[in-house]
Amino acid sequence: MSNENVRNFRLSQSWVEDQVNLIKKDYNYEKNSKAFQALVYGVLFETDYSIPAEEDLDGSGEKQIDIIRVEEDPDQEQATINIVQSKYTNGFSSNVISLLKNGLEWIFEQPEKEYKKLKNKKFVFKIGEIRKLRTKYGHEGLKVNIYFATKGDTGILNEESSHEYLEEKEKFLSGLVDAFNEFNFHEIGSIELTELIGLTTRSKRNVDTDIQIVYDTNVRSIIDIKPQGTSSRAVVCTVRGNELARLANLEPKDAIFDLNVRPYYGSRGQVNSKIYETCQNDEQSKYFWFLNNGITMTCDKVDVITDPDQALVRVKNVQIVNGCQTSVSIREAAEKGVLREDVTILMRIYETVDKDLAKKITLTTNNQNKITDRDLRANDSVQYLIQTYMKDTYSYLYERKNKEHRTVSKEDRRKIIPNDKAGQAYLAIVKRKPSQARGYLSKIWSTYYKDIFESSVTEDLLLSFLIYSYFLEKSKSAKNKKISRMQAVLQVYGTFHLARITGHYLTNDKWGQQFRIYNKHHIEQIKEKGSTYLDPYFSRTINLLADIWKKELEKDKKTNPTLYFKASVVEKQIEKALGYKEDEIDE
């Protein structure tokens, strides 16, 4: 390992440790390990450093699984299961891998009568939710992401000293990769965390190169387009596998992947076994072009040289923004000498100096990132208007883009309003759909986007968020032994539903332009008095939801709250309890 890599790692690790100290202080975590876990969560899922109570399994009986985050997309008939294990250590332990394997066996293999005996009930509920999704979508409809995070250096995992770790990892992955629609295992260290948070600098990592292309003067081998009215250009061509392997090996190491949505896929991620198998199979390799989505690149400048003896494209400051897994798989096959010579790959190269366009190309051509739609909406004029109005009128920092206010002071950090959380709160409270808000975050940016952001009054959006935040804080106190088991369940799993009920009590569901002066008053009172302003509504709210939950348990005492509070039936039960008639309740 070169001295430069060592320095870079030490700088990254130092940054991680500084961030952990800040998060520990700002979010009142007792231990560094918990603050580190929150850092990993916030970076991976592009949110703040507060782990939702129902996703936080950390404690006894969690089988070395700290976090399970489930993202269901019924429109695509699939679900993504994100499993996180973090250790605030300087290395990656093989023992953790073996324990993780045991944890996965509990999730996917143990009989119901066995896993329900586990003492960690949040883990039990998550297993039930995942089993339900597996029944609904089948194994082919499940994507599984495993993240093992430490503050260590992933760059040494392939060295001889990591032999035991690699053996355990191989055993861990055996049989899992092909069992699901997609299965990924990612080690995340200090370098990956700094990459994901956007702290790496590309100015010293420019990649300029000539790319040899497949070219035939008798066949139209290249598409070269410059749309009228733009300064951008697109070149579509074909490259051979060995040429892609060379690109993926260019120095500085992995710099060509800097703008990829998930950099660690390219730098040190798990090689996709299906891609790897196809590119070395003598029966399938010639069809690789047809079976793969290809590579997408952006660059500052592209020139096409159609020399019949040596055709190439010359690129300046090039980036592979989609196809990272393909590139790394091809690279590894070439390094092991098993890459077939007849492997060819489709390549799209976009020349643009428009940074916004380059970013959109990166986001729209990547399907790994489940919150892409939020990023694409960040520059909508309505998002700018909400941000400006909220700051000028109420001094709140509306967050259009993830962590755009991360440098503000601790005091100002409490004023941050993430637009995704505000959208969920509005959907739950104003639109009276708490189950939708809780279970289907992606719909904020698709199905409900216009209703939430283009049709709302900013006061309604802000007040909804403040009410939801009140109950989010309540969910964090669910471990308090002074509250009942039932209340703890409601605070953890019914956060949006409790917010919906209190929103009704506070405003009598009077929202919109004609009631903004009243809701402005509520906002100012919450700013001045904090949680004490909403405290008078708490008992009445928790009792109403408790009555509904008790009736459900009378029907089936084994009802899983994770599933129940995602269902539309509970929305209707709340509406009826609040006095709405059947014809006043949305389907």
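The values are calculated or read from the model by the stated rules, or taken from the named source; none is laboratory data. Predicted model, so just to flag it, every value in this text is computed and none were measured. Cβ: placed from backbone, ideal geometry, glycine included. Neighbour counts: every protein chain shown. Protein only, heavy atoms only, side chains kept; ligands, DNA and RNA dropped before computing areas. Shrake-Rupley method; radii C 1.70, N 1.55, O 1.52, S 1.80 Å.
What the table below lists for this structure:
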read-out: Filter result for Lys34 (of a type outside the set (A, V, I, L, M), open to solvent by 60 Å² or more (accessible area, probe 1.4 Å) and at pLDDT 90 or above); value: no
read-out: Unique residue being more than 20 Å from Lys443 (Cα to Cα), over 17 Å from the mean Cα position of the chain (by Cα) and not in a strand (DSSP E or B) when the list is Glu54, Glu62; value: Glu62
read-out: Residues located in the range 9-31, provided they are assigned to a helix (DSSP H, G or I) and open to solvent by 40 Å² or more (accessible area, probe 1.4 Å); value: Arg10, Leu11, Ser14, Trp15, Glu17, Asp18, Gln19, Asn21, Leu22, Lys24, Lys25
read-out: Single match in Arg377, Arg331 (criterion: among the basic types (Lys, Arg), at pLDDT 70 or above and either under 18 Å from Glu454 (Cβ atoms) or in contact with a Pro (Cβ under 7 Å, 6 or more places away or on another chain) (or both)); value: Arg377
read-out: Top-ranked residue of the range 505-521 - restricted to ones that are open to solvent by 20 Å² or more (accessible area, probe 1.4 Å) and either touching a residue at least 60 places away in the same chain (Cβ under 8 Å) or in contact with a Phe, Trp or Tyr (Cβ under 8 Å, 6 or more places away or on another chain) (or both), ranked as nearest to Ser568 (Cα to Cα); value: Asp509
read-out: Qualifying residue in the range 303-320 (condition: part of a helix (DSSP H, G or I), at pLDDT 70 or above and open to solvent by 40 Å² or more (accessible area, probe 1.4 Å)); value: no
read-out: Of all residues making up the range 539-556, the number that are more than 17 Å from Gly579 (Cα to Cα) and touching a residue at least 24 places away in the same chain (Cβ under 8 Å); value: 2
read-out: Matching residues in the range 471-495 - criterion: being open to solvent by 20 Å² or more (accessible area, probe 1.4 Å) and under 20 Å from Ile452 (Cβ atoms); value: Leu472
read-out: Boolean, Ile107 is farther than 30 Å from Glu399 by Cβ, open to solvent by less than 30 Å² (accessible area, probe 1.4 Å) and modelled with pLDDT of 85 or more; value: yes
read-out: Pairs, first part of a strand (DSSP E or B) in the range 339-361, second open to solvent by less than 30 Å² (accessible area, probe 1.4 Å) and at pLDDT below 85, C-beta under 6 Å, six or more apart; value: Tyr350/Ile361
read-out: Inter-residue pairs, beta-carbon under 7 Å, first under 18 Å from Trp549 (Cα atoms) and in contact (Cβ under 8 Å) with a residue 60 or more places away in the chain and in the range 472-497, second open to solvent by 20 Å² or more (accessible area, probe 1.4 Å) and charged (D, E, K, R), 6+ apart; value: Gln491/Lys474; Val492/Glu54; Tyr493/Glu54; Phe496/Arg438
read-out: Total residues in the range 303-319, condition of a type in the set (A, V, I, L, M) and over 21 Å from Glu251 (Cα atoms); value: 3
read-out: Sole residue being within 29 Å of the chain's Cα centre (by Cα) and more than 20 Å from Ala378 (Cα to Cα), chosen from Ser446, Ser442, Ser475; value: Ser475
read-out: Qualifying residue in the range 216-229 (condition: of a type in the set (A, V, I, L, M), at pLDDT below 90 and more than 30 Å from Lys87 (Cα to Cα)); value: yes
read-out: Residue that is surrounded by the fewest Cβ atoms within 10 Å (Cβ to Cβ), among those in the range 327-357 that are touching a Cys at 6+ places or on another chain (Cβ under 9 Å) and not aliphatic (A, V, I, L, M); value: Arg340
read-out: Any chance Asp56 is in contact with a helix residue (DSSP H, G or I) (Cβ under 9 Å, 6 or more places away or on another chain) and modelled with pLDDT under 90; value: no
read-out: Identity of the residue in the range 290-302, without any contact (Cβ under 8 Å) to a residue 60 or more places away in the chain and crowded, with 16+ Cβ neighbours inside 10 Å, that ends up farthest from Glu251 (Cα to Cα); value: Asn292
read-out: Any pair with Cβ under 6 angstrom, 6 or more apart, that starts in the range 128-155 at a residue that is more than 25 Å from Phe92 (Cβ to Cβ) and ends at one that is open to solvent by 10 Å² or more (accessible area, probe 1.4 Å) and acidic (Asp, Glu); value: Tyr137/Glu77; Gly141/Glu77
read-out: Flag for Thr559 being free of Cβ contacts under 8 Å to residues at least 12 places away in the same chain, surrounded by 13 or more Cβ atoms within 10 Å (Cβ to Cβ) and either more than 24 Å from Val457 (Cα to Cα) or among the charged types (D, E, K, R) (or both); value: yes
read-out: Scan of the range 70-104 for residues that are in a strand (DSSP E or B) and open to solvent by 30 Å² or more (accessible area, probe 1.4 Å), ordered by number; value: Glu71, Gln78
read-out: Top-ranked residue in the range 297-338 [being in contact with a helix residue (DSSP H, G or I) (Cβ under 7 Å, 6 or more places away or on another chain) and among the hydroxyl-bearing types (Ser, Thr, Tyr); ranked as farthest from Asp208 (Cα to Cα)]; value: Ser329
read-out: Condition check for Lys122: open to solvent by less than 60 Å² (accessible area, probe 1.4 Å) and over 18 Å from Tyr165 (Cα atoms); value: yes
read-out: Conditions (1) surrounded by 16 or more Cβ atoms within 10 Å (Cβ to Cβ); (2) of a type outside the set (Asp, Glu); (3) in contact with a Leu (Cβ under 6 Å, 6 or more places away or on another chain): number failed by Ala577; value: (1)
